[in-house]
Amino acid sequence: MRYVSTRGRAPVRDFADVLLAGLAEDGGLYVPETWPELGAAEWRALAGLPYAELSARILSLFAGEAIALPTLRALSEGACASFDHPAVVPLVQIDHNLFVCELFHGPTLAFKDVALQMLGRLFDHVLEARGARVGIVGATSGDTGSAAIAACAGRERIDIVILHPRGRTSEVQRRQMTTVLAPNVGNVAVEGSFDDCQDLVKAMFADRPFRAEMRLSAVNSINWARIAAQVPYYVASALALGAPDREVCFAVPTGNFGNVLAAWVARRMGLPVRGLLVGSNANDILARFLAANDMSQTKVTPTLSPSMDIQVSSNFERLLFELLGRDGAATAATMAEFRASGRMPVPDAAWRQARALFSGWRCDDAATLAEIGRLHAAAGYIADPHSAIGIAAARALAPKGIPTVAMATAHPAKFPEAIARACGVTPPLPARLATLYEREERYATAPNDLAAVEALVRATVARNVA
Ligand SMILES: *Cc1c(COP(=O)(O)O)cnc(C)c1O
């Protein structure tokens, strides 16, 4: 299996190289040169497998010769063992023909754990085979940092340092990062804003001698392996509801377009998916695109679903590449125009093609709270604000008679204030968070200064290279 860049001007690579590279050199995103396709008999053969096995077999189609199936099986079993539910990604029925796929039973109670738990293990495996190490640096405003730390903690060949703005994350968010005491994890509270933290990370990548010395890498959401690791739960839930002999729809609360892109990939592989229903909060660039071909950036509005407070959905570029007939030059030109003008010129034919499969639904905070309240009253089910937006999209847009699966992306206990406002109850804290306030914390504090932060990264890396 070989991978090409969406901008058409980067070297063709295999799965392991794409995993380590992240972004392609031409600024594009890697996608498979050809999509694997399964027939009905092959889908049927996957039905009923334990999730870890199903996941390994799907990933194997993308890893090709770069990583053997028995290895993927072992990595997948390790990743699934970090989840608190024996089904890993359980399917729960909440209404007639409406189901929720709970993706939040991992170490940090967010769907990003599903892909990142696999990614950390894939990194370790590939680096071990090459006798190499990497240093991962990242900035977080809250949630993504903890999922990355949980994925890398204790890995043999990875050091990870995450910067957060001092005093500007919630205490739960900070503690989810700073109570991970593995020697290969560093947390730095920067005297500054989230933007300052992001600028420091960019500056570390731009400091070539430092970047080479630390072998800097990233695990952000444009990494192809993260998309690949999200495909299996779409396959598993569709098979459970009768695929390949019955169509399904998926409803996905969307930010960077990574989760719903994995659903598109499953469909491209031949899974019978009738429609993809994209939920947005007040930051509704995707809903506007799907309704009226208006992909134009506005200011980011803070909402009750912060992981979807995004204006530029970076993984959309992978869909754009397909809509433009896999023309790398056209994709590069469209992205350049988007960056320059804030408006993406998508040709009418391509937009119509997207509309035939995707539809968008916008849910502001009031509608989000209303959906949480309605669901709790009708079915006794508590959804977090992100998941509620997907469920609202499913209610509004799902075609009659087609079973629809809404992706639940965060545990409701992470958003107790919103849940209490919406339905007057406080969701119980899962066992793995129950002792969070008693655990020892470890983090350094640094001024908003590149040299000071680089020294702290160097110290974390030095701890482990004995
Ligand atoms: C990251 C995230 C999303 C958005 O997923 P994308 O893949 O970026 O579209 C939605 N909900 C939660 C809770 C998240 O953490």
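A few points about this structure:
- Being within 21 Å of residue 134 (Cβ to Cβ) and among the small types (Gly, Ala, Ser) holds for only one residue in 45, 79, 52, and it is 79.
- Against the conditions (1) free of Cβ contacts under 8 Å to residues at least 40 places away in the same chain; (2) away from the ligand (no atom under 16 Å from the Cβ), residue 417 satisfies every one except (2).
- Options 219, 252; residue that is at pLDDT below 95 and within 14 Å of the ligand (Cβ to nearest atom): 219
- Residues in region 336-358 that are within 18 Å of residue 268 (Cβ to Cβ) and open to solvent by less than 60 Å² (accessible area, probe 1.4 Å): 350, 354, 357, 358.
- If the condition is being within 21 Å of the chain's Cα centre (by Cα) and outside any helix (DSSP H, G or I), then region 189-238 contributes 216, 217, 218, 219, 220, 221, 222, 223.
- Filter result (farther than 25 Å from residue 98 by Cα, free of Cβ contacts under 8 Å to residues at least 60 places away in the same chain and open to solvent by 50 Å² or more (accessible area, probe 1.4 Å)) within region 420-466: 429, 434, 435, 438, 449, 451, 455, 462, 466
- Residues that are open to solvent by 40 Å² or more (accessible area, probe 1.4 Å) and within 11 Å of residue 418 (Cβ to Cβ), drawn from region 359-381: 365
- One residue stands out in region 107-163 among those that are among the aliphatic types (A, V, I, L, M) and touching a Pro at 6+ places or on another chain (Cβ under 7 Å): the one that is most open to solvent (accessible area, probe 1.4 Å), namely 150.
- One residue from 266, 330, 287 being assigned to a helix (DSSP H, G or I) and away from the ligand (no atom under 16 Å from the Cβ): 330
- Residue match in region 164-181 (condition: surrounded by fewer than 22 Cβ atoms within 10 Å (Cβ to Cβ) and under 17 Å from residue 217 (Cβ atoms)): no
- Looking across region 297-335 at every residue that is at pLDDT below 95 and touching a strand residue (DSSP E or B) at 6+ places or on another chain (Cβ under 9 Å), the one that is most open to solvent (accessible area, probe 1.4 Å) is identified as 297.
The values are calculated or read from the model by the stated rules, or taken from the named source; none is laboratory data. What you see is a predicted model, and the numbers here were worked out from it, not measured in a lab. Cβ: placed from backbone, ideal geometry, glycine included. Neighbour counts: every protein chain shown. SASA here: full protein model, heavy atoms, side chains in, ligands and nucleic acids out. Shrake-Rupley method; radii C 1.70, N 1.55, O 1.52, S 1.80 Å.
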